[in-house]
Every structure is written in structure tokens, then in C-alpha cells.
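In what follows, a structure is listed as C-alpha cells, so that the remarks can point back to it.
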Amino acid sequence: MFRKLLSPRHPADKNQNPNSKVDVNSSLPLDVDQAITEVQSAMGNSSDLQVHRFQAFTGDTGCALVYLKSFVDLEQLNKSVLSPLLQLAVPPKDMQNLAEVLPYAGTQEITSLQELSQAVASGEVVLLVSGFKSGLKIPLKKYEQRSITEPQNEKLVSGPRDCFVESIWSNIGLLRQRIKNPKLRIEMNTLGTKTSVELGIVYVEGIANRQIVEEVRRRLKRIEIDRLLSLGVINEFISDSPWSPFPTYQHTERPDSLTSALLDGRVGILLDGSSMVTIIPVVFWDFLKSPDDYIESPYFSTFVRLLRLSSHLMTLLLPGAYVALTTFHLEMLPQSLAVIISGSRTRTPFPTAIEMIIMELVVEILREAGLRMPGVFGQTMSIVGALVIGEAGVTAGLVEPIIVVIVAFTTLSSFIVPNYSAALSIRLLRFPIILLSAALGFFGMILGAMFFLMHLVSLRSFGVPYFAPIAPLFLKDLGDMFIRLPLWLQTHRPTYYRPEDETKAGRNQKPGPEKEP
């Protein structure tokens, strides 16, 4: 019995519908009623499948409109499709001739039951005419979508206030508003054997490297999966280093961020149903940049970038450094501070490393609770919960006051990083650093940091070195990394992305009054 239960089952033919024995690859029958029967059987007699039969061309020819009720505007269907058809007196010669009568661009002829079922399942209206071996797909689908609002995750003090939504065509429209260039390329594909979700590859021809674009096509083409519900699924299939904690792709919900990336020679991936866009390739330093860096002055932008990098390092190393100091290197502290720490240690029952890990886990729990709770209650839970638990832990003598301060400062530092995915990796890696510091002191902390650094240097994103322009060194690209030079000095695109056109601005554009002859 157990052998039978554990034995693999042979998968059914992917083209075979379990509710029907109809061959979906067969051609459409000439009889409309037979075609309707077959498509109903292929779709399992779904409740929202609608069939509207009518007589056209002076009542001599049977016709039918097949569609899903949840996707179609009936008023528009009656006005733009039914009315023109009923006014025709002479039967058309073929479907192409009939398509010219309808006031719709993008109509497409279909010839098989599979194409018919796929078109209806995608929300299209299909016209069937008796005596024709093909049908006509009419683009009348209508999706409910939210309006374009302000970004929720990538907020700016100044700059555009729009963000991507869940409709891929609305997102393409936002992109077209910013790049009014005929060289903007948009390649549409369909992924997911069951979900059949539209996916778009966007890039600027003449700027993006052709080899990178071709590699993106190749990796997407080899994906075989039945469901495609988010960009995270795609990212896991196309990542260069799937076991690395560091993301080798970049997410954004801002059209201006995608526009800037495309003009640097990078490639974007849009997915219907997702309000986020994936940008590839990416380097580590891209996660420290923000769109408003190019709005404020170069001095302030440089200061903020250095602050982000420092916060990145503090999030990773500060808890481990405190554990190493108080466990192995207490003599390195000033005497007054060492006395305070030693006094607080006598009142707590756990080692410093255990206290640090417990408090960090408590903060992560509060973060997750704040994310899952609705609206304002979530923010209140995160802030008030941290204050209450920290105060209660210190009062009860379970944790040191300094540990509460360090954990709070580390938590604030993690929020400064503009990219959420990059912040997640650093939040995760601080736990191994704490354990190494507890075991080996500063030697363990430095050992862990060096291991992570070597791992970063070894990574690649679609052939681009992840730690460029530091390793390997690209001297002329250092002006837009730690520091942000004035825009009139940034005359070329990042070299490490290997753009086909490296020039983005003319030289000798330093602003100032015109010199007198």
C-alpha cells in the first residue's frame, strides 16, 4: 500500500483538460454551435462564461460572441461590436474583411480551439461566424485597477509623486511619458502555463548592451512554471547567485527610477499584476542611491550617501562590536564606561550575546507585527511595543539599558537604506556577526566581515561585477558612488554596465556668467 502511495504519478498531458476529452489543438469547426460546445467543455462550463448568439447579415448567418462576464463592459460590447455587425447586409469574404468593419485596432484571427480558449480566459471577446474556420479576437477586456498614487515604500521629500500600479499597460504609459524616444523597446511575453501572465522587457536600443538584453531573454525563456504571481518568482529563476543573501536585482515602484536606470543602459522587467519593476543588472552601490540625490545639491547628496553607507555598516557590525567589547575586550573601553557596563551586567541573568540576540529578535517580531496589522495600528504597535518591551526588560533586570539603546539605534540605521531588499540582507547577516563576536571577539567580527566582503566581490549580476566600480576599479565611475559630483561633470554613463553609447552629456558645461571677450 505504501509503495503505491509513494510511487510517482504520471502527469497528464498538459493540453488535456480534465473535464473534457476535447482536443484543444484541433481547428475550429465550421458550425458555431459545435464550436461553442467545445469551448464550453474545454473551460469546464465555467459560470462566468457568456455566449451571445445572434443572426447577422440579413438574418442568414449564425454568429456568436464568447466572453467572460467579469472582464467585459457590456455597454461597450453592444455599442462597438454588436451594432456594426447587425448593420451589415453583405456577408464578409473572410475574417480579415470583417475586422475592418469593427472600430477596434488590434483584432486578431484565431484558428484553433486552444487559441479560442486562451483568448477567452485572458478576458478577450471572440466572434464566431458560421461557415468560417476561424474566429476573431476583439480587444475589449477591462480590468479593475487602482488609481496612480504616491509611492508607499520609496518616499521622497522632493520629486515626482506617481508610482507604478498593477496594470502593465498603465506602467508602460508612465514610462512612455518620461522617455519619448522611438528607441524605447518593449518586448511582451507570456509566462506561467496555468496563469498566462503578461511580462514585458524594456530597454533603450542603442544604449543597453545587446548581450545583456539577449541574456535576459534567454533566462526568461527557460522558465517553466505553472504560476507567476509576483516578480519574486522571476527573480529567483534569473538570479546569478540564487543562494546569496544579497539581491542581484533591484526593485522599484517609481517610474523615474526605472527611467534613470534605462538611460544608464540597464534593463527593466514589468509584470502584469505587480506594482514593482525589476531592474537588472545591479551593483551594490546602487542600493545606496536615491532619486532625490540628483535634486539636492552635490554637497548634501554626498553627505547623505556617506551617512547611508555608515548606517549600513552600523546595522551589520554595531551589535557584534558591543558583544565583542563586553565579552573579550572590556579593557579597551574608558574606565567610567567599563564600570557602568560591569555594574549593569551584575543585574542581568544572560550573557551579553544572548541578550543582544533576544532583543534583536523582539524588534524583528515587532516589525513583522507592525506590517501585518492594519493601518495606523501597525505603526503604533511597532513604536509603542518597542518602548514598552524595552522599558519592561530593563526594569525586570532581563537586559542591559545599553543593549536597548544599541538595538534601537541599529533598527533606526536599517531604515536609512533606501532599498528594502538590501536592508533585509543586512538585517539577516547581523546575527552571524553577533555569534562570531561572542565566540572569537573582534577577530570573529572581522573574520565574518571579511567573508561577506569576499562574497560581495565574487558576485555578478548578468555579467556585471557586483562590487564595481571598486572591484574591479573603474576610476571614472567613482564620481557617482560615495560622492556625487555635479551633473555637469558626469558626462558618461556607468562603464561597468557596458552601454553601447557611453556619452550622456556634453563636456565643458560648467555653469557661470559668460566670459567677456
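Here are a few things to note about the model shown:
- Relative to the longest principal axis of the Cα atoms of the chain, the long axis of helix 32-42 makes an angle of roughly 30 degrees.
- Alpha carbon Rg of the chain, scaled by the compact-globule rule 2.2 N^0.38 Å: 1.27
- Relative contact order of the chain: 12 percent, from C-alpha pairs under 8 Å at least 6 residues apart in sequence.
- Chain lengthening between residue 237 and residue 332 when straightened (0.36 nm per residue, less Cα-Cα): 29.4 nm
- For segment 289-333 versus segment 395-469, the spacing of their alpha-carbon centroids is 11 Å.
- Between the listed residues 352, 181, 479, the Cα displaced farthest toward the positive end of the dipole of the chain, a dipole computed from Cβ unit charges relative to the Cα centre, is found at 352.
- On the basis of the beta-carbon distance and an R0 of 41 Å, residue 57 and residue 226 show a calculated FRET efficiency of 0.45.
- Distance between the 7 Å Cα→Cβ label points at residue 309 and residue 176: 4.1 nm.
- Between residue 369 and residue 149, the C-beta separation translates, for a Förster distance of 22 Å, into a calculated FRET efficiency of about 0.30.
- Sum of side-chain charges, residue 210 neighbourhood, beta-carbon under 14 Å (Lys, Arg +1; Asp, Glu -1): 0
- Each stretch of four or more DSSP H residues adds -39500 (n - 2.57); spread over every residue of the chain, this sum gives -13000 deg cm²/dmol at 222 nm.
- Whichever aspartates and glutamates have a C-alpha closer than 20 Å to that of residue 183, once near sequence neighbours (fewer than 8 apart) are set aside: 205, 214, 215, 256, 264, 500, 501, 502
- Rounded to the nearest 20 debye, dipole of the chain from Cβ charges on Lys, Arg, Asp, Glu: 700
- Along the axis of the charge dipole computed for the chain (Cβ charges of +1 for Lys and Arg, -1 for Asp and Glu, origin at the Cα centre), the listed residues 190, 120, 28 are led at the positive end by 190.
- Averaging over all projection directions, the Cα-based convex hull of segment 251-301 occupies 3.8 nm² in the image plane.
- Net charge in the neighbourhood of residue 394 (other residues with Cβ under 12 Å of its Cβ; Lys, Arg +1, Asp, Glu -1) is -2.
- Cα-centred dipole magnitude for segment 66-137, charges only on beta-carbon of K, R (+1) and D, E (-1), debye, nearest 20: 120
- Anchor residue 133: aspartates and glutamates whose Cα lies under 17 Å away (excluding residues fewer than 8 positions away in-chain): 23, 31, 33, 38, 94, 109, 115
- Taking the Cα atoms of segment 236-369, the ratio Rg/Rh between the radius of gyration and the Kirkwood radius comes to 1.11.
- Segment 168-282: radius of gyration and largest Cα-Cα distance (Dmax), Å: 13.3, 39
- Rg/Rh for segment 83-195 stands at 1.10; both radii use Cα atoms, and Rh follows the Kirkwood definition.
- Spatial separation of Cα centroids for segment 484-511 and segment 93-161, in angstrom: 41
- For segment 32-138, the Kirkwood hydrodynamic radius comes to 13.8 Å, computed from all pairs of different C-alpha atoms.
- Calculated log₁₀ intensity ratio I(q)/I(0) where the Debye formula runs over C-alpha points of segment 376-510, q = 0.18, 0.21 Å⁻¹: -1.14, -1.32
- For residue 404, net neighbour charge (Lys/Arg +1, Asp/Glu -1) across residues whose Cβ lies under 12 Å away: -4
- Label point distance in nm, residue 109-residue 34, each placed 7 Å from Cα along Cα→Cβ: 2.0
- Rounded to the nearest 0.05, the FRET efficiency derived from the C-beta distance between residue 347 and residue 161 at R0 = 41 Å is 0.20.
- Multiplying the residue separation of residue 205 and residue 476 by 0.36 nm and subtracting their alpha-carbon distance yields 95.2 nm.
- Amide hydrogen neighbours beyond the local backbone of residue 493, cut-off 5 Å, H modeled: 503, 504
- Kirkwood estimate for segment 294-465, i.e. one over the average of 1/r between Cα atoms, Å: 17.6
- Sequence ranges 172-181, 38-47, ranked by mean other-Cβ count within 10 angstrom, highest first: 38-47, 172-181
- Among 153, 451, 88 - extreme Cα towards positive end, dipole of the chain, charges at beta-carbon: 451
Since every read-out is calculated from the coordinates, none of them should be taken as a lab result. As the structure is a computational prediction, the values presented were derived from the model and not from experiment. Reconstructed Cβ throughout: ideal geometry from the backbone, glycine too, with neighbour counts over all protein chains shown.
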